1. First measure r as the distance between the Cβ atoms of residue 37 and residue 162, then evaluate 1/(1 + (r/R0)^6) with R0 = 41 Å and state the FRET efficiency to the nearest 0.05.
2. Starting at the first residue of segment 123-131, write each ³J(HN,Hα) from the Karplus equation 6.51 cos²θ - 1.76 cosθ + 1.60 with θ = phi - 60°, in whole Hz, x for Gly and Pro.
3. Tabulate in residue order the Karplus-calculated ³J(HN,Hα) for segment 58-73, using 6.51 cos²θ - 1.76 cosθ + 1.60 with θ = phi - 60°, rounded to whole Hz; enter x for Gly and Pro.
4. Rolling a 1.4 angstrom probe over the protein chains, ignoring ligands and nucleic acids, what is the accessible area of residue 180 in square angstrom, nearest 10?
5. What part of the accessible area of the chain, given as a whole %, is carbon or sulfur when the probe is 1.4 angstrom?
6. Under a crude label model (7 Å from the Cα following the beta-carbon direction), how far is residue 129 from residue 206 in nanometres?
7. In Å², what does the accessible area per residue of the chain work out to with a 1.4 Å probe?
8. Taking the Cα centre as origin and putting +1 on Lys and Arg beta-carbons and -1 on Asp and Glu beta-carbons, what dipole magnitude results for the chain, to the nearest 20 debye?
Amino acid sequence: MGFVFQSYNLLLLAEHDIEVTAAVGDAEALLAAVAADPPDAAVVDVRMPPGHVDEGLRAALAIRATHPQVGVLVFSQWVETSYARRLLSEHAGHVGYLLKDRIVSTGEFVGALQRVAAGGTALDPEVVRQLLATPAADAGLARLSDREREILGLLAEGRSNVAIAERLHLVERSVEKHVTAIFTKLDLPQARTDHRRVLAVLRYLRS
């Protein structure tokens, strides 16, 4: 995989056979690097020069708008809900939003990066919690049971069925049945081009 990466911990990525195609120091350089040679994913800090305010988030939105095939993994010290909601609602998949202080292992970070590059999502549970603070008005979501809503929240974090089963102490087959029920209640039929897990998550977040 190739990644554009804000100057950070390049050795860590190299140890996991991840090729860093560019390491940049500001939002303008990030956008230029992606435009010159679109990578599989870009890892973006919310605060980037010159202002150290929200340049990274605005660059992430620009990348998703102009290069939808490029995954964007945003790192932040807090949840900027307005930008996060735009990032997640305007583009299906290829996106992640993690909180720096809650990354506890290299494997967790690399796994999130790989999911985003592959077209999935990777969201910190606190990001999900804040985005879902407003009660759902979606009729399909209203049909979900408490367990199904819990599982959908874990899907929003980018968790696999196996990971959800381990977290909730369920057998994998049980999780599969719940996920299928979620798709049914949200009226998400099987299709060749649409990723139902991503579409379900976006319905949840938009609510």
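1. Once the sixth-power term is evaluated, E becomes 0.75.
2. Here the 3J(HN,Hα) series is 10, 5, x, 5, 4, 4, 4, 6, 6 Hz.
3. These are the phi-based 3J(HN,Hα) values: 5, 5, 4, 4, 5, 5, 5, 6, 9, 9, x, 7, 8, x, 10, 10 Hz.
4. 80 Å²
5. On the way: 5020 of 9960 Å².
Its accessible area is 50 percent carbon and sulfur atoms.
6. Distance between the two pseudo-spin positions: 2.6 nm.
7. On the way: 9960 Å² over 207 residues.
Here the residues of the chain average 48 Å² of exposed surface.
8. Working: 22 positive and 26 negative charges, 186 e Å.
Computed about the Cα centre, the dipole is about 900 debye.
The values are calculated or read from the model by the stated rules, or taken from the named source; none is laboratory data. Since the model is a prediction, treat every value here as computed from it, not as a measurement. Using ideal geometry, Cβ is built from the backbone for each residue, glycine included, and neighbour counts are taken over all protein chains shown. Just the protein is used for accessible areas: all its heavy atoms, side chains included, with ligands, DNA and RNA removed. Shrake-Rupley method; radii C 1.70, N 1.55, O 1.52, S 1.80 Å.
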